[in-house]
Each structure stands twice: as C-alpha cells, then as structure tokens.
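Asker: Shown below is the structure under consideration.
The values are calculated or read from the model by the stated rules, or taken from the named source; none is laboratory data. For clarity, every value in this text was computed on a predicted model and none was experimentally measured. Cβ placement follows ideal geometry from the backbone for every residue including glycine, while neighbour counts extend to all protein chains displayed. Quick note on the areas: whole protein, heavy atoms, side chains included, nothing else; ligands and nucleic acids left out. Shrake-Rupley method; radii C 1.70, N 1.55, O 1.52, S 1.80 Å.
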Amino acid sequence: MSYLKIYAPVVALMVLVLHAPLSPAEETAEYGLIDELVVTARRAPENVKDVPFTVNLIDFEEIRLNRLHSLDELFRQVPGVEFSTFGATSNGLNVRIRGVGAIAGASRDDTSVIIYVDDVPQPVGFSTIGTLDMESVEVLKGPQGTLFGRNSEGGAVQIVTARPVFETAGYLRGEHGEDAQFRAVGMYNTAVTDNVAARLALSYEGEDSHILNFNTSTPLTTPRNLNARGKLRWDVNEEVSVEFSSTHVRTRNFAFVYSLYPQTEPPTMDAPPDTMDNDRDIDQWNLRVFADLGFADFTSVTAYSDSEDRSTGILYEGRVLRSGPVGFVPIDYGPVNNLFQRQFFNQELRLNSTRDSNVFWVAGVSFYDDSSRYETFGFVDPFFFPAIPLNADLNERKFDTTSAAVFGEATYPIADKLAITGGVRYTWEQKDFAIAWMPNAFNPNPLRSVALDQDFEDYYLTGRVGLTYDFDDDVTVYGIYSRGYKGGGFAERGSNVARGLLDPPYKASKANSYEVGFKSTFGDGAIRVNGAAFFNDVADDHIFTFDFFTQITAPENFDTETIGFELELDWQVTDSLELQGAVNYTDAEIAGVPENSFAPVEEGNRIPNSPYWSASAALTHTHPLKLADGSGLTLRSRLSYGYSGARQATPANNLLFDRYHKLDLRIGIGNDRFELYLWGDNVLDEDIYTAGFGGGALGGASATIERGASFGGGASFDF
C-alpha cells in the first residue's frame with residue numbers, strides 16, 4: 001500500500017484546509033475563551049493550573065474523535081507514556097511514564113503505573129478496560145503513591161466514567177471497517193424518580209486478526225470484546241449521594257503474538273492451528289458515598305472484583321527457531337495453557353477541602369486485599385527440554401497481598417502569590433507466596449512433588465513537597481520533589497522449584513523524582529501552553545530474566561536514570577479550528593547492574609521502548625453547512641498525528657525498532673443528534689512494533705506488530 005504514503009496525507013490536509021468558513025463575518029470574537037479545566041488529580045476537584053505537577057487531560061470528545069477504544073490507544077496520545085504489549089489482553093502490557101517503571105515486568109501485579117477507574121485501583125497487568133462511556137482520562141506524571149497508593153512509582157492514570165443524570169438521554173454508535181472490524185456502542189440514562197437515576201452502557205467490538213497463521217493463511221484469531229456497565233445514583237438529600245455500579249468485561253480469542261522480525265506482508269505467526277487464544281472475564285462492583293459536611297467533602301469507596309484469565313499459546317514459534325542456532329522445530333511445539341484468577345477488595349475513606357477553601361487539603365485511609373492464583377498445565381515436551389518446570393502435571397502458584405495506608409496532602413498559601421505543597425503516605429504491606437509442583441511422566445526430575453511457601457512484610461513512606469508561584473492569573477510556575485516506592489514481590493514464573501527451592505523475592509524499587517514546570521494561558525484563554533523538565537533517579541527497578549537453553553528464570557533489580565522535558569499546546573485558533581500538540585524528550589538509561597547478574601544487560605543501555613523523542617498533534621475543524629430548507633449540518637474533520645523515535649526493544653539493546661509516524665483521520669457530517677463519518681487509521685501504513693525479543697540463543701529476532709492502514713465508516717445517533 002505504498003500509494004497511501006503519498007496520497008493519504010495530501011487528501012487529509014486538503015479536506016481540513018478547504019473547510020473554509022462561509023464568510024469572514026461568521027467568525028465570532030468569542031472563540032478565544034476556553035473554560036476552566038477541572039481535574040481530580042489530587043482526589044478532589046481543582047483547577048488543573050493549581051496542580052503542582054504535570055497532568056495530561058483527555059476528555060470525552062477527544063476519546064470519541066480519535067476513536068480511542070483501548071488502553072494502548074489512550075497511552076499513545078500522551079508523549080512520555082511508554083508501553084509494550086504482545087497483542088493479548090493487557091496481561092502482557094508493561095507501562096512506564098518518562099522512562100520510570102519495570103524494565104521487564106516480573107508479575108501482573110507490577111504497580112509502576114496504576115490505573116484508577118472511578119477511584120478504584122486496577123493493576124495494569126490485569127485490566128481489560130475499554131473506553132466505554134468515559135468522561136475523562138487524566139495522566140498524572142511522576143510518583144503518585146502519596147494519594148493513589150499501590151505504589152504508583154512512575155505515575156497514575158485516573159479514569160472517570162459518566163455519572164447518571166436526572167434526565168432521559170442516550171446514544172447509539174456503530175462502526176465497520178476492513179478485516180471485519182466492527183464496534184457497536186449504546187448508552188441509556190433515565191431518571192427513575194425525583195432523586196434516583198440510572199445509566200446503562202454497553203459495547204461490543206471485534207475484528208479478524210491482522211496476523212495470519214503461517215500454516216493456514218487464515219487470521220490467527222478473531223478477537224471479541226464485550227464491555228457493560230450499569231450505574232444507579234441515589235441523591236438521599238442535598239448533602240448526601242450514593243452511587244452503585246456493576247461492570248462486566250468479557251474478552252475472547254485474543255492471543256500473545258510474536259513472530260520473526262522483520263514481519264512479512266501480511267504478518268504471520270508459525271503456530272499449530274487452534275493453539276492461540278486468550279479469554280478473560282472480569283466482574284466488579286463499586287459503591288461510592290459522597291457527603292457535603294459543610295467544612296469538608298466526604299467520600300467512601302468500596303469495591304470488589306472477581307477475574308479469570310484463560311490462555312493457550314505456544315512456547316516455540318516455528319520460524320523463529322528455524323532461523324537461528326536451534327535450526328529446527330520440536331516435534332510438539334504447542335500448546336501451553338495458563339489460568340490466572342484474581343479477587344480483590346478495596347476500601348477507601350477520605351475527606352477533602354471544599355472548592356471555595358483557601359487551603360487545598362485531602363486526607364484519608366485505605367485498605368486493599370488481593371488474592372490470585374496462577375497455573376500452567378497441558379504442556380508436554382518429551383524431546384526438546386523435558387526437564388523444564390513447565391513439563392508438569394501440577395504447576396500452581398498462589399499470591400496474596402494485603403495493604404493498609406494513611407495519607408494526606410495540603411497546599412497552603414504562604415504569601416500572596418506563593419504556596420507550598422506537602423504530602424505523605426505511610427503504608428504497611430504483607431505478601432504471601434505458595435507453590436505446588438509435580439513433574440509429569442516425561443520429566444526426568446527425581447523430585448516428584450514439591451510444596452513451598454514464603455512471605456514478607458514491608459513498611460514504607462512516600463511523599464512529596466513543592467512550591468507554586470503565580471506570576472499573575474495566567475502564568476504559574478512550580479517545582480516539586482516526589483519520593484516513589486514500588487514494593488517487592490514474587491515473580492509469576494520461576495525455575496528454582498525444579499530443584500526444590502524457592503525463587504527469592506525481588507527487592508522494592510525506590511524513586512527520587514524532581515520536576516520544574518509552568519502552566520499558562522494567553523489570548524483571553526485561546527492558547528494554553530504547559531511545560532516541564534524532570535529528572536528521575538530510580539534504585540532497584542524490576543526486570544525478569546530468562547535463558548532459553550537452561551530455562552532458568554530470575555527476577556533482578558537494576559538502577560535507572562531518566563532526564564528530559566516536555567511541552568503541551570492547546571490553541572483555539574478560531575471558533576471552528578482547534579490545534580493541539582505535545583512533545584516529549586526523555587533520555588532513559590540503565591544506570592546500575594548488580595554483580596553476577598543473570599541478564600545480558602550493560603550499564604548505559606537504553607530502557608526498552610523508551611524513545612528519545614515522542615510527539616502528538618491534532619487539528620480539528622468544524623464547518624457549518626446551510627441547506628436549501630434553512631436547516632443546517634456541520635462538517636467536522638480531525639487529523640491526528642503521533643510520532644515515536646527509534647527505540648530499543650529489549651534491555652540487552654539487541655533489537656532496534658525504527659521511528660514511525662502514525663496518521664489518523666476522521667471526517668463526519670451531521671447535527672446535534674446524528675452523524676455519519678469515515679475514518680482512516682495509520683493511513684501512512686507505517687510498521688509499528690510494540691514489543692520484541694532480540695536474536696540469540698532462541699533464534700532470530702522476533703516482534704509484535706500493530707495493524708497497518710485500515711479504513712471504515714460509522715454512524716452515531718443521540719437522543
């Protein structure tokens with residue numbers, strides 16, 4: 001599709017530029033006024049200008065116009081947010097912010113970046129979160145353990161879904177595109193009584209995988225995702241409100257995908273038929289209570305979640321093995337089955353200042369209890385590596401985490417334009433680990449049954465202190481120091497059990513983070529410009545290492561350093577034209593390697609999937625059309641651009657991914673109630689790789705690639 005690289009950007013720009021206004025007189029003088037941006041980055045509503053660290057806000061309209069349907073699509077909108085994924089549901093997702101986070105994740109409980117959905121923590125490694133009925137997404141950069149807990153070493157993502165309102169309203173939306181891509185979304189809101197309202201939202205989406213099975217030339221999988229959420233709101237009186245929500249997520253036919261690098265066209269994976277699958281079910285119930293106490297606002301958040309993840313995959317990808325020193329494929333090169341189950345309970349109570357208070361403050365207590373079980377089964381290798389731990393009739397690991405904390409933060413004006421911020425959190429955490437293992441008949445290990453367990457507890461402080469100075473109503477500068485902490489733990493997979501030994505826990509990671517920045521508005525609010533410079537010094541971050549020939553695995557701790565800067569622009573050029581842009585520079589490297597490290601990693605290596613430069617831009621244009629009957633329609637176009645510089649794929653820095661430019665386009669026509677639109681995704685047909693393995697003992701280099709250029713259409717109807 002090389003012609004797309006020539007014509008698609010030209011067509012896209014022409015559509016936007018040729019949306020000329022009907023006449024100069026129809027432009028108004030009020031286009032410069034941008035409303036105050038209110039966020040909950042510190043667990044209570046406040047102007048984003050008053051938050052003493054970087055907050056990137058993605059609102060409902062941006063989610064809709066950019067067609068951001070998944071977590072990775074959201075993350076790509078924010079330069080400085082880095083992620084790697086092997087294409088499955090997010091159990092393979094590793095997220096860092098400004099280079100801070102696990103170098104290579106050791107478990108699904110990694111809390112480098114924590115996601116909060118309606119005040120409830122969701123570990124990134126076990127979150128299948130679509131963008132169903134979302135109101136806003138706030139990306140909070142820098143350690144956020146002070147107020148968000150569960151460590152949040154690199155940052156946090158605060159997702160706010162829409163609340164029920166006291167009116168009848170709803171919408172229906174549908175999309176269809178190439179490779180059988182489809183998405184159907186609906187929402188209905190109604191007032192049940194004068195003080196009770198209900199809201200139900202539902203989405204169902206799917207596609208044919210763009211990765212083909214090398215042996216059959218058919219799509220490797222046909223992923224499907226169902227997401228449903230119901231909310232009930234009860235305003236007891238003017239001071240007290242109760243909200244209950246129930247969420248169900250059901251995914252089918254996803255897969256952990258990798259194959260020989262560089263990919264063929266179309267990309268393929270050499271796997272036996274019907275061996276690639278990843279299914280997941282998540283049920284979660286939340287109860288939130290809000291109360292206006294006069295002197296403060298009170299919030300109680302109670303949540304329970306029950307999840308199950310079932311996957312089938314292969315340990316050996318055929319073409320990767322044949323391309324390297326191995327030179328052949330084992331007689332039986334699949335499958336291996338995995339089962340991961342998790343239940344967690346979360347309770348938080350907090351108080352915060354009212355919006356009209358001169359002093360911002362928030363304080364609270366929290367409790368979190370998590371139980372999970374990881375089991376592998378069904379794998380049989382009598383020929384290639386019969387002694388590996390996977391060759392077992394029983395291979396079950398149980399993890400339990402209990403955490404309790406007390407926290408608080410305040411911003412106090414110490415002069416007319418100067419304010420000081422201080423916050424602290426004290427956390428106690430207990431982790432327990434148990435393993436049961438029995439080799440199968442093909443495994444020659446003399447140990448025929450192993451049962452081991454261990455535990456540890458930790459106490460730690462996180463916090464931050466900062467200063468803000470208001471030059472005037474339009475310009476604020478700030479500086480902040482934050483102390484981040486990510487607890488140690490136990491790796492999901494380990495090889496020591498085959499010797500009757502436990503795998504030692506990996507150590508906690510500690511981060512010292514420094515940020516200075518400014519937030520400003522100009523032209524009566526028409527232009528908003530924010531910027532920041534940062535330095536992060538991290539000790540003992542986590543990496544999971546693996547040797548193919550010995551099948552030995554080990555979690556280790558490496559030091560890292562990151563330094564960089566970023567700029568963000570939001571410019572309402574006219575009442576019909578808006579420009580958004582952001583750029584990030586991050587120099588992120590491994591600063592310390594422990595003695596006798598098992599990993600082939602050297603000091604000074606780049607942190608994987610962390611480019612020096614990343615950027616995003618979006619141009620939105622609306623153009624009114626007058627019809628002969630006097631009615632009117634609006635033509636709305638959005639051109640979105642994302643850039644990532646070259647980046648290393650592995651901690652060993654033995655696979656370099658090229659830079660890419662991602663261009664997306666959406667053009668719609670409609671009015672306040674309906675819209676028809678066309679969309680193009682990755683219209684330049686760029687090769688975008690999201691994760692990889694370097695060549696070596698296993699075979700040739702391998703990687704996971706995203707879909708190339710695709711196009712489609714959609715319709716929406718509001719009522």
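Asker: Taking square-rooted eigenvalues a ≥ b ≥ c of the alpha carbon gyration tensor, is region 225-289 rounded, prolate or oblate, where a/c under 1.5 means rounded and, failing that, a/b exceeding b/c means prolate?
Answerer: prolate
Asker: A further question follows. At Thr193 and Arg250, where each label point lies 7 Å from the Cα along Cα→Cβ, what is the point-to-point distance in nanometres?
Answerer: 3.2 nm
Asker: Here's another thing I want to ask about it. Take each of the peptides 99-107, 580-588, 222-230, average the number of other beta-carbon atoms within 10 Å over its residues, and list them starting from the highest.
Answerer: Packing order, densest peptide first, comes out as 99-107, 580-588, 222-230.
Asker: Are there trypsin sites (Lys or Arg not before Pro) in region 372-445 that DSSP puts in a loop and that have at most 12 other Cβ atoms within 10 Å, and which ones?
Answerer: The qualifying sites are Lys417.
Asker: With r as the distance between the Cβ atoms of Asp587 and Phe298 and R0 = 60 Å, compute the FRET efficiency 1/(1 + (r/R0)^6) and round to 0.05.
Answerer: FRET efficiency, Phe298 to Asp587: 0.85.
Asker: What does the charge count near Ser716 come to, summing +1 for each Lys or Arg and -1 for each Asp or Glu among other residues with Cβ under 12 Å from its Cβ? All intermediate terms of the calculation are to be shown ahead of the outcome.
Answerer: Details: positive: Arg64, Arg67, Arg173, Arg183, Arg636, Arg666, Arg673; negative: Glu175, Asp672, Glu675, Asp718.
With Lys, Arg at +1 and Asp, Glu at -1, the neighbours total +3.
Asker: Return the Rg/Rh ratio of region 63-115 with Cα-based radii and a Kirkwood Rh.
Answerer: That ratio equals 0.97.
Asker: Based on the inverse mean of 1/r over its pairs of different Cα atoms, what is the Kirkwood hydrodynamic radius of region 411-533, in Å?
Answerer: Kirkwood hydrodynamic radius for region 411-533: 19.2 Å.
Asker: Given points 7 Å out from each Cα along the Cα-Cβ axis, report the Arg224 to Ser631 separation in nanometres with one decimal.
Answerer: 3.7 nm
Asker: Okay, next question. Mind checking which of Ile314, Leu635, Phe148 is farthest towards the positive end of the chain's charge dipole, using Cβ charges of +1 (Lys, Arg) and -1 (Asp, Glu) about the Cα centre?
Answerer: The listed residue farthest towards the positive side: Ile314.
Asker: For the chain, what does the helix formula give at 222 nm: sum of -39500 (n - 2.57) over DSSP H segments with n ≥ 4, over the residue count, nearest 500 deg cm²/dmol?
Answerer: Calculated from helices alone, the mean residue ellipticity at 222 nm is -1500 deg cm²/dmol.
Asker: If you take the square roots of the eigenvalues of the alpha-carbon gyration tensor of region 284-375 and sort them as a ≥ b ≥ c, do you get rounded (a/c under 1.5), prolate (a/b over b/c) or oblate?
Answerer: In terms of gyration-tensor shape, prolate.
Asker: Turning to a different aspect of this structure: Let me make sure I get this right: for region 626-719, a, b and c are the square roots of the gyration tensor eigenvalues over alpha carbons, sorted descending. Under 1.5 in a/c it's rounded, otherwise prolate if a/b > b/c, else oblate. Which is it?
Answerer: prolate
Asker: Additional query: So what is Rg over Rh here for the chain, counting just Cα atoms and using Kirkwood for Rh?
Answerer: On the Cα set of the chain, Rg over Rh gives 0.96.
Asker: Another question, if that's okay. I'd like the carbon and sulfur percentage of the solvent accessible area for the chain, probe radius 1.4 Å, heavy atoms only, ligands and nucleic acids excluded. Kindly include the intermediate steps, with their values, before the conclusion.
Answerer: Details: 16920 of 28660 Å².
Accessible surface attributable to carbon and sulfur in the chain totals 59 percent.
Asker: Excluding residues fewer than 8 places away in the same chain, name every one of the lysines whose C-alpha is closer than 26 Å to that of Lys507.
Answerer: Cα-Cα hits under 26 Å: Lys141, Lys398, Lys431, Lys486.
Asker: Compute the Rg/Rh shape ratio of region 169-323: radius of gyration over Kirkwood radius, all on alpha-carbon atoms.
Answerer: Reported Rg/Rh (Cα atoms, Kirkwood Rh): 1.17.
Asker: Let me ask something additional. Quick one: Debye curve from the alpha-carbon atoms of region 495-583 only, equal weights, vacuum; give me log10 I(q)/I(0) at q = 0.15 Å⁻¹ to two decimals.
Answerer: Computed log10 I(q)/I(0) values: -0.74.
Asker: Compute the separation of the alpha-carbon centres of region 256-277 and region 620-638 and state it in Å as a whole number.
Answerer: That distance is 45 Å.
Asker: Right, here's the next one. Sort 487-494, 474-481, 560-567 by packing, meaning the average of other beta carbons within 10 Å per residue, with the highest value first.
Answerer: 487-494, 560-567, 474-481
Asker: Only loop residues by DSSP count here, and only those with at most 14 other Cβ atoms within 10 Å; note down the GluC sites (Glu not before Pro) in region 35-84 that meet that.
Answerer: Glu36
Asker: Another one. Give, rounded to the nearest 20 debye, the magnitude of the charge dipole that the chain has about its Cα centre when Lys and Arg contribute +1 at Cβ and Asp and Glu contribute -1 at Cβ.
Answerer: For the chain, the charge dipole is close to 1040 debye.
Asker: Related question: Given +1 on the Cβ of Lys and Arg, -1 on the Cβ of Asp and Glu, and no further charges, what dipole in debye does region 385-450 carry about its Cα centre, rounded to the nearest 20?
Answerer: In debye, rounded to 20, region 385-450 gives about 120.
Asker: Compute the helix-to-body angle for 2-17: its Cα long axis versus the longest principal axis of the chain, expressed 0 to 90° and rounded to tens.
Answerer: Long axis of 2-17 versus the principal axis of the chain: about 20 degrees.
Asker: Need one number: nm distance between label points at Leu461 and Glu595, each 7 Å from Cα along Cα→Cβ, rounded to one decimal.
Answerer: Distance between label points: 3.1 nm.
Asker: Only loop residues by DSSP count here, and only those with at most 16 other Cβ atoms within 10 Å; note down the chymotrypsin sites (Phe, Trp or Tyr not before Pro) in region 254-347 that meet that. Intermediate values should be presented prior to the final figure.
Answerer: Values: sites: Phe254, Phe256, Tyr258, Trp285, Phe290, Phe295, Phe298, Tyr304, Tyr316, Phe328, Tyr333, Phe340, Phe344, Phe345; in loops: Phe256, Tyr258, Phe295, Tyr316, Phe328, Tyr333.
Those satisfying the criteria are Phe295, Phe328.
Asker: Provide, as a two-decimal number, the C-alpha radius of gyration of region 476-629 over 2.2 N^0.38 Å, N being how many residues it has.
Answerer: Details: Rg = 23.3 Å, N = 154, 2.2 N^0.38 = 14.9 Å.
Output field value: 1.56.
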